[in-house]
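Comments concern the structure below.
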Amino acid sequence: MRDNKGNPITYILIGSPASLFTGKVRGYLRWKGVSFEETTAAAEVYRDTIVPRIGWPVIPVLQTPDGGMIQDSADIIAHIEAREGGTPILPDGAVQRLASLMLQLYGDEWLVIPAMHYRWNYNADWIYGEFGRTSAPGATPEEQVAIGRNIGERFRSMVPALGVDEATIPGIEGSYEAFLGEFSAHLAKHPFLFGTRPSLGDFALLGPLYAHLYRDPKSGELMQRIAPRVARWVTDCHDPAVIEGEYLGQDECPATLLPIFRRQAAEQIPFLVETARLLAQWAGDNAPGTAVPRAVGELPFSIGGRTGKRAALTFSLYRLQAALDHLDSLDAPDRLRADQFLSGIGAGQLSEFRLPCRLERQNYRLVLGADDS
Ligand SMILES: N[C@@H](CCC(=O)N[C@@H](CS)C(=O)NCC(=O)O)C(=O)O
């Protein structure tokens with residue numbers, strides 16, 4: 001099979017137009033110029049391919065030319081980076097790379113809160129239909145809504161665990177709208193996060209900002225109305241014509257991004273530090289190789305000046321670990337600049353912070369790593 005440029009199709013992205021993490025990977029693959037086709041994860045694809053091969057129902061999955069399967073958006077991106085070469089997705093500069101990894105943590109694990117809130121509290125009927133269209137393309141519209149409801153309930157049931165409730169909703173909306181304002185101000189000066197070339201951070205933000213917050217109709221109206229520049233960036237991130245471009249010189253992290261990082265430092269980082277405390281208790285009772293639970297309890301959190309409770313999700317610490325590993329890899333001068341960046345955004349505690357254990361992925365699941373201390 002060949003794509004529309006006549007190149008052989010080598011990779012298959014199994015995902016869905018409505019999926020957050022499919023959006024992150026799709027944008028990346030298009031920018032990278034990798035030849036791929038997308039297969040929609042209809043019910044039988046979950047049944048015949050995803051669940052048997054991955055072990056649980058999750059997207060996106062990338063099927064490689066040799067028939068291998070990769071799950072987890074970061075693992076997919078790392079695999080393509082290693083195999084395909086070309087223009088790297090991570091900046092070389094210590095600070096820009098750290099900032100990219102921090103924004104991956106933010107996009108994947110915190111902006112998912114407004115993404116899910118707006119989807120399920122403003123676009124529920126639409127998304128039920130959408131899930132039905134994707135899962136059962138041959139069914140009648142009525143059947144699709146019924147099928148979509150069935151599928152959608154699984155995702156809708158995750159919303160309370162994210163901390164979305166009557167008390168926190170004004171904070172979630174306030175925080176998201178402030179983020180849109182800050183990102184718009186940045187985009188008035190730079191087309192992407194670190195200059196004229198997109199980075200991992202761009203595609204990580206694209207996850208929540210595309211499928212849920214741009215493509216879901218009510219959310220898209222809001223973005224177009226109050227942050228049209230962000231809406232344009234969403235489309236730019238899908239346009240392979242932006243392959244050219246450069247990161248800003250001297251490893252500069254633009255000042256216009258600092259309010260976004262300060263928001264992350266104020267809202268997400270304290271929650272992750274507390275999550276790590278709960279993980280420490282769990283890790284003390286379990287042997288290396290044990291599957292890590294998705295959540296290790298429930299914790300208070302603050303967002304946009306409101307407080308609530310949400311599940312202490314362990315996967316967020318896996319994304320934090322990637323940023324901390326990068327910090328640990330730096331030589332002294334780079335480490336100093338990275339530490340200065342962290343203290344400048346109000347996340348100086350990360351310079352000293354250690355996760356209580358290593359988190360690893362085995363068989364597409366998070367497991368407790370061997371003690372390396
Ligand atoms: N860390 C994973 C997250 C993937 C994920 O949460 N995918 C959603 C759809 S966008 C899903 O299938 N969730 C099912 C579940 O979490 O049970 C990644 O980056 O690929």
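Among the residues of region 299-327, the ones that are touching a Leu at 6+ places or on another chain (Cβ under 9 Å) and part of a strand (DSSP E or B) come to 6 in all.
The residue of region 67-95 that is nearest to the ligand (Cβ to nearest atom), among those that are exposed (fewer than 15 other Cβ atoms within 10 Å of the Cβ) and under 22 Å from G55 (Cβ atoms), is D75. Taking the criterion of being part of a helix (DSSP H, G or I), of a type outside the set (A, V, I, L, M, F, W, C) and either in contact with a Phe, Trp or Tyr (Cβ under 8 Å, 6 or more places away or on another chain) or within 11 Å of the ligand (Cβ to nearest atom) (or both), the only residue of region 41-55 that qualifies is Y46. Go over the candidates E109, E142 one by one and state the one that is at pLDDT 95 or above and of a type in the set (D, E, K, R). Result of the check over E109, E142: E109. Does L98 fit the bill of being more than 16 Å from the ligand (Cβ to nearest atom), on the phi < 0 side of the Ramachandran plot and in the same structural domain as I172 (by TED's automatic domain parsing)? The answer is yes for L98. With respect to the conditions (1) aromatic (F, W, Y); (2) in the same structural domain as R263 (by TED's automatic domain parsing); (3) free of Cβ contacts under 8 Å to residues at least 60 places away in the same chain, Y46 lacks only one, and its number is (2). Annotation: of all residues in region 18-31 being away from the ligand (no atom under 11 Å from the Cβ) and not charged (D, E, K, R), the one that is farthest from V45 (Cα to Cα) is W31.
Against the test of being within 16 Å of the ligand (Cβ to nearest atom) and more than 22 Å from L299 (Cα to Cα), the options E130, E143 yield a single qualifying residue, E130. Among the residues of region 331-367, those identified as among the aliphatic types (A, V, I, L, M) and not in a helix (DSSP H, G or I) are I345, A347, L355, L359, L366, V367. Only a single item in (1) more than 28 Å from F341 (Cα to Cα); (2) surrounded by fewer than 21 Cβ atoms within 10 Å (Cβ to Cβ) is not met by A283, and it is number (2). Could you check region 220-260 and list, in sequence order, the residues that are aromatic (F, W, Y) and touching a Gly at 6+ places or on another chain (Cβ under 7 Å)? Of everything in region 220-260, just one residue is aromatic (F, W, Y) and touching a Gly at 6+ places or on another chain (Cβ under 7 Å), namely Y247. Report whether or not D66 is in a loop (DSSP other than H, G, I, E, B), acidic (D, E) and at pLDDT 95 or above. So D66 does not fit the description; no.
For region 1-40, a residue qualifies if it is assigned to a loop (DSSP other than H, G, I, E, B), at pLDDT 95 or above and buried (at least 17 other Cβ atoms within 10 Å of the Cβ), and the qualifying residues are S16, A18, S19.
Does Q281 satisfy being at negative phi, modelled with pLDDT of 95 or more, within 16 Å of the ligand (Cβ to nearest atom) and touching a strand residue (DSSP E or B) at 6+ places or on another chain (Cβ under 8 Å)? In short, no.
The condition of being among the hydroxyl-bearing types (S, T, Y) and buried (at least 21 other Cβ atoms within 10 Å of the Cβ) holds for only one of Y122, Y118, that being Y118. Taking the conditions (1) more than 22 Å from the chain's Cα centre (by Cα); (2) more than 16 Å from the ligand (Cβ to nearest atom) in turn, G148 satisfies each one other than (2). Scanning region 148-166 for residues that are more than 20 Å from R215 (Cβ to Cβ) and in contact with a helix residue (DSSP H, G or I) (Cβ under 8 Å, 6 or more places away or on another chain) gives a single hit, G163.
Here F155, F183, F203 are screened, and the one residue that is among the aromatic types (F, W, Y) and more than 15 Å from the ligand (Cβ to nearest atom) is F183.
The values are calculated or read from the model by the stated rules, or taken from the named source; none is laboratory data. This is a predicted model, so every value here is computed, not measured. Reconstructed Cβ throughout: ideal geometry from the backbone, glycine too, with neighbour counts over all protein chains shown.
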